[in-house]
Amino acid sequence: MLNSRFDTIMRRIATVISVSILTLSLTAAFSGVLLSFYYQPTAGGAYHSLEMITNEVEYGWLFRKAHSLAGNIVIVLALIQIVVMFLGRQFRKSWLAAWISGIFLTLSVIGLDWTAMILSWTQDGYWRFNIELGTIQAIPFIGTQLREILTGGAGVSTVTVEHLYTIHSYLLSTVAITLAVVHLATVLYQEKEMYQEAAKFEQQPETESSEVLS
Ligand code: HEM
């Protein structure tokens, strides 16, 4: 009884978190599209265009803040969701589907944050990215190719910003939103399954007692 109460609470929390994740992902995508109207994916130009969005474009600061907040909160929620799903684990197909989609969702939002590192073209982002490229290059077999795909061949330049912008805004954001929808659907399904089972369990003693009487 105590265990099923714990499971019910865990599943409810998982549903609330996945609704929040989807809402925040859509907010990030929407504000990202608004940023893209003025954003220039070039070395140097990226920094100036974001400064212009913040200081000159009407409500530009608001969309930038909304994008940053939604994008960062979604990472925190996705990590909490992994813990919640682990605590309420039940090795069934519906739980497994929610668990796997949750893990890939977390990876894709971490990827979104990582690819955004160079998009603002700040000193911090630039040097952090250069250091991390060194780590990427050290990956056996695929390291050098991966580095070339990200940078576009030579050093960190406009081509790098363009590549990471494409990965961030088209590829990973589409993957993250698709996974957020799949994750919510699977979490809702496992909650429905749990209620159906609980209803069946409650009906059982009545059926058994009526069988005994007849
Ligand atoms: C699920 C969707 C998305 C998520 C979760 C997301 C997440 C993020 C995060 C975490 C940052 C770093 C913000 C910071 O800490 O300053 C960022 C920056 C950025 N994103 Fe996205 N993003 C998404 C979609 C998009 C789309 C669709 C576009 C453009 C079409 C876009 C364009 C940008 C730009 C230009 C920046 C740099 C802005 C800045 O540094 O203030 N994003 N994004």
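The values are calculated or read from the model by the stated rules, or taken from the named source; none is laboratory data. What you see is a predicted model; the values in this text were computed from it and never measured. Virtual Cβ from ideal backbone geometry, glycine too; neighbours counted across all protein chains shown. Ligands, DNA and RNA are excluded from the accessible area calculation, which covers all protein heavy atoms including side chains. Shrake-Rupley method; radii C 1.70, N 1.55, O 1.52, S 1.80 Å.
For I149 and V33, what does the FRET efficiency come to when R0 = 22 Å and r is the distance between their Cβ atoms, rounded to the nearest 0.05?
0.35
Could you state the number of Å between the C-alpha centres of the range 100-150 and the range 9-40?
When both Cα centres are located, 21 Å separates them.
So, with +1 on the Cβ of K and R and -1 on the Cβ of D and E, and no other charges, what is the size of the charge dipole of the range 94-214 about its Cα centre, to the nearest 20 debye?
Roughly 680 debye, rounded to the nearest 20.
PRE reach from N130 (point 7 Å along Cα→Cβ): which of the range 149-169 fall under 17 Å by backbone N?
151-161
Would you kindly derive the ³J(HN,Hα) couplings of the range 186-200 from the backbone phi angles with the Karplus curve 6.51 cos²θ - 1.76 cosθ + 1.60 (θ = phi - 60°), listing them in order in whole Hz, with x for Gly and Pro?
Values per residue, Gly and Pro as x: 6, 5, 5, 5, 5, 5, 4, 4, 5, 5, 5, 5, 5, 5, 4 Hz.
About the Cα centre of the range 6-154, how large is the charge dipole given +1 on each Lys and Arg Cβ and -1 on each Asp and Glu Cβ? Please answer in debye to the nearest 20.
For this selection, approximately 740 debye.
For the chain, with every protein chain kept in place, what is the accessible area per residue (1.4 Å probe, Å²)?
Normalised by residue count, the accessible surface of the chain is 60 Å².
Keeping every protein chain in place, order H67, H183 by accessible area at 1.4 Å, biggest value first, i.e. largest first.
Result of the area sort, largest leading: H67, H183.
Leaving ligands, DNA and RNA out of it, work out the accessible area of V161 with a 1.4 Å probe and give it in Å² to the nearest 10.
Per-residue accessible area (V161): approximately 0 Å².
List the aspartates and glutamates whose Cα sits under 20 Å from the Cα of K200, skipping any in the same chain fewer than 8 residues away.
Cα-Cα hits under 20 Å: D7, E191, E208, E211.
Cut-off 10 angstrom, C-alpha nodes, Gaussian network model of the chain. Which of R92, R147, R128 fluctuates the most?
With Cα springs under 10 Å in the chain, the top fluctuation among R92, R147, R128 is at R92.
Within 10 Å of each candidate Cβ there may be at most 15 other Cβ atoms; applying that plus a DSSP loop requirement, which GluC sites (Glu not before Pro) in the range 98-186 survive?
Loop-located and lightly packed - none at all.
Go through T15, V109, Q196 and say which Cα lies farthest out towards the positive end of the charge dipole of the chain; charges sit on Cβ, +1 for Lys and Arg, -1 for Asp and Glu.
Among T15, V109, Q196, the one farthest towards the positive end of the dipole of the chain is V109.
Under the rule of -39500 (n - 2.57) per DSSP H run of 4 or more residues, summed and divided by the residues of the chain, what mean residue ellipticity at 222 nm is obtained, to the nearest 500 deg cm²/dmol?
-28000 deg cm²/dmol
If you add up the charges near L50, with Lys and Arg at +1 and Asp and Glu at -1, over every other residue whose beta carbon is less than 14 angstrom from its beta carbon, what do you get?
Computed value for this residue: -1.
Among T135, T166, T106, what's the order by accessible area (1.4 angstrom probe), most exposed first?
Ranking T135, T166, T106 by accessible area, largest first, yields T135, T166, T106.
Excluding G88 itself, what net charge comes from residues whose Cβ is under 12 Å from its Cβ, given Lys and Arg +1 and Asp and Glu -1?
My count for the surroundings of G88 gives +3.
Using a 1.4 Å probe over the heavy atoms of the protein chains, calculate the carbon and sulfur portion of the accessible area of the range 13-109 as a whole percent.
About 73 percent, which is the carbon plus sulfur part of the accessible surface.
Which shape class applies to the chain: rounded if a/c is under 1.5, otherwise prolate when a/b exceeds b/c and oblate if not, where a ≥ b ≥ c are the square roots of the Cα gyration tensor eigenvalues?
Verdict is prolate for the chain.
Can you give the local net charge around A70? Use residues other than it whose beta-carbon is closer than 15 angstrom to its beta-carbon, Lys and Arg +1, Asp and Glu -1.
+1
Modelling each spin label as a point 7 Å along the Cα-to-Cβ direction, I'd like the T122/N55 distance in nm, to one decimal.
My value for the distance between the label points is 1.5 nm.
Modelled label-to-label distance, F141 and K93, 7 Å Cα→beta-carbon offset: nm?
Taking the simple label geometry, F141 and K93 are separated by 3.3 nm.
What is the gain in length, in nm to one decimal, between I13 and Y195 on full extension, counting 0.36 nm per residue of separation less the C-alpha to C-alpha distance?
64.0 nm
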